[in-house]
Amino acid sequence: MQMTVIGTGYLGAVHAAAMAELGHDVLGIDSDAAKIEALAQGQAPFFEPALPELLRENVRAGRLRFSTSLEEAANFADIHFICVGTPQLPGSNAADMVYVNAVATGLAPYLTRPCLIIGKSTVPVGTAARLSDLFARIAPVGDQVKVAWNPEFLREGFAVEDSLRPDRIVAGTSSTESDAILRAVYADILATGTPYITTDVATAELVKVSANAFLATKISFINAIAEVCDAVGADVLTLADALGYDTRIGRRFLSPGLGFGGGCLGKDLRAFQARADELGVGNALAFLDKVDEINTHGRDRTIDLAKEMLGGSLIDRRITVLGAAFKPNSDDVRDSPSLYVAERLRREGAAVLVHDPEAVPNARAAFPKLAYTTDAIEAFRDTELVLHLTEWREYQGLDPSVLFTMVSAPLLIDARHTLDPNLWRSAGWTLRAIGRPAPATRALEQVPVAI
């Protein structure tokens with residue numbers, strides 16, 4: 001099939017490459033000419049495993065090309081995916097719809113044949129209905145422009161896998177014809193048994209924000225429990241494992257740590273509540289304010305722990321931060337918890353050195369006053385405190401015995417709970433992790449019990 005993907009940021013670039021991989025003829029559209037030129041050469045504009053290979057292969061095969069012209073898009077195909085961003089509106093919790101609106105108003109005058117607009121962007125419920133009215137008024141073909149919503153569920157670091165082998169496809173349509181087109185688009189994926197959920201457009205719009213709200217709530221819940229565990233000397237990891245065996249709860253996203261970041265969960269959480277307020281049902285989602293608050297509090301707790309381990313003052317203390325991206329296998333630093341912590345430490349007087357395998361260029365652009373390195377071993381030299389804030393796999397492979405000889409003080413905060421505490425402590429390190437007791441509080445385990 002012939003189709004366009006409008007917007008070639010994180011979502012759009014991956015979706016365009018995946019659709020071409022499925023055998024479709026795809027035209028990617030973006031207003032950023034430099035990005036289009038790079039993509040046309042098979043270069044990914046961000047770090048995402050397996051994406052560069054997918055781009056190069058399909059550009060070379062002729063199934064994937066790129067343009068800046070919406071007129072060319074309208075002439076090329078009658079299936080158009082909208083994949084632009086919906087960031088948080090400045091000065092508000094609501095989603096900024098400027099990019100979605102620009103695509104609709106820019107494309108509409110060129111739509112002279114019946115076509116299907118398929119939204120994948122995360123939007124406030126009611127967007128599809130509003131766009132349908134807009135196309136009916138502006139497009140030459142009028143109400144023969146149909147609008148469907150097909151939300152994305154991509155995980156950064158696994159986006160190619162999630163696009164080609166998704167755990168479900170949700171299709172919100174207003175007609176059997178639109179549904180048939182979506183089934184044809186995803187025919188190869190559906191042939192593997194992937195669940196296909198067909199519904200109305202409003203339900204489809206709500207699925208993504210509801211999923212993100214639920215995941216954010218689960219993350220904040222276990223981080224709140226971690227703080228309780230700290231107060232009583234309990235172990236949050238063992239507690240999470242015990243909860244995870246309950247099939248009603250499950251273990252995924254029940255991992256304590258520094259909390260969520262990135263360009264989706266936080267802003268979607270706030271936009272969902274803002275839309276609920278507009279609809280007069282804000283009280284139903286009032287708890288999401290607390291979820292957001294708990295998430296931010298986790299970052300502040302880590303800063304407080306750093307101060308405690310350094311005797312109360314951060315002035316002129318040398319601190320190493322491991323991780324700049326908001327999650328591993330990504331160079332995305334939007335709302336990065338680790339950079340939030342690093343910048344706060346710097347502002348309170350510390351000399352902070354940040355390491356990340358992929359995100360240093362983006363981090364440096366966002367926080368130019370921090371110091372950076374791409375050498376993980378050298379990051380430890382002469383430091384007084386190490387904070388493990390992004391759980392890159394390579395950090396788990398570090399040798400704490402070697403690193404012990406390089407630091408000024410062997411102090412470590414594992415804010416992601418993925419380092420082996422016994423390994424680091426046996427090498428001489430003092431390791432702290434919120435929600436996990438220090439060895440001294442676990443003395444009861446060493447007392448023989450007579451039966």
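Residue under question is T405, and the condition is that it be within 20 Å of the chain's Cα centre (by Cα), at pLDDT 95 or above and either surrounded by fewer than 18 Cβ atoms within 10 Å (Cβ to Cβ) or not assigned by TED's automatic domain parsing to the domain that holds D331 (or both); does it hold?
no
Looking at (1) over 30 Å from V352 (Cβ atoms); (2) out of contact with any Asp or Glu (no Cβ under 9 Å at 6 or more places or on another chain); (3) in a helix (DSSP H, G or I); (4) of a type outside the set (K, R), which one does I249 not meet, given that it meets all the others?
(3)
Count, please, the residues in region 152-177 that happen to be within 15 Å of the chain's Cα centre (by Cα) and assigned to a loop (DSSP other than H, G, I, E, B).
Residues meeting the conditions: 7.
Of the residues V407, V402, which single one is of a type outside the set (G, A, S) and part of a helix (DSSP H, G or I)?
V402
Can you confirm whether T383 is at pLDDT 95 or above and under 21 Å from E48 (Cβ atoms)?
no
Scan region 132-145 and tell me whether some residue there is touching a residue at least 40 places away in the same chain (Cβ under 8 Å), of a type outside the set (S, T, N, Q) and surrounded by fewer than 17 Cβ atoms within 10 Å (Cβ to Cβ).
No - not one qualifying residue is present in region 132-145.
Determine whether R432 is assigned to a loop (DSSP other than H, G, I, E, B) and closer than 19 Å to G298 by Cβ.
no
Could you check region 218-250 and list, in sequence order, the residues that are among the charged types (D, E, K, R) and either surrounded by 13 or more Cβ atoms within 10 Å (Cβ to Cβ) or touching a residue at least 12 places away in the same chain (Cβ under 8 Å) (or both)?
Result: K218, E227, D230, D235.
Within the group F260, F253, F272, F214, which residue is over 17 Å from R299 (Cβ atoms), crowded, with 22+ Cβ neighbours inside 10 Å and outside the structural domain of A171 (by TED's automatic domain parsing)?
F272
Would you mind stating whether L412 is surrounded by 17 or more Cβ atoms within 10 Å (Cβ to Cβ) and over 27 Å from the mean Cα position of the chain (by Cα)? First the steps, then the outcome.
Values: surrounded by 17 or more Cβ atoms within 10 Å (Cβ to Cβ): yes; over 27 Å from the mean Cα position of the chain (by Cα): no.
Criteria not met by L412.
Check I303, I315, I319 and return the single one that is of a type in the set (V, I, T), in the same structural domain as L385 (by TED's automatic domain parsing) and either part of a strand (DSSP E or B) or under 21 Å from the mean Cα position of the chain (by Cα) (or both). So that I can check it myself, show each step before the final result.
Details: I303 fails: either part of a strand (DSSP E or B) or under 21 Å from the mean Cα position of the chain (by Cα) (or both); I315 fails: either part of a strand (DSSP E or B) or under 21 Å from the mean Cα position of the chain (by Cα) (or both).
Going through I303, I315, I319 in turn, the sole match is I319.
Condition check: more than 28 Å from G323 (Cα to Cα), in the same structural domain as L54 (by TED's automatic domain parsing) and under 26 Å from the mean Cα position of the chain (by Cα). Does A191 satisfy that?
Answer is no for this residue.
Within region 45-56, does at least one residue satisfy the condition of being outside any helix (DSSP H, G or I), crowded, with 23+ Cβ neighbours inside 10 Å and assigned by TED's automatic domain parsing to the domain that holds R165?
yes
Limited to region 415-451, what total is found for residues that are of a type in the set (A, V, I, L, M, F, W, C), modelled with pLDDT under 95 and surrounded by fewer than 16 Cβ atoms within 10 Å (Cβ to Cβ)?
Result for region 415-451: 8.
For region 27-34, check the following and say yes or no: at least one residue is assigned by TED's automatic domain parsing to the domain that holds V185, touching a residue at least 40 places away in the same chain (Cβ under 8 Å) and assigned to a helix (DSSP H, G or I).
No, region 27-34 has no match at all.
The values are calculated or read from the model by the stated rules, or taken from the named source; none is laboratory data. Note that the structure is a prediction, hence the values are computed from the model and not measured. Virtual Cβ from ideal backbone geometry, glycine too; neighbours counted across all protein chains shown.
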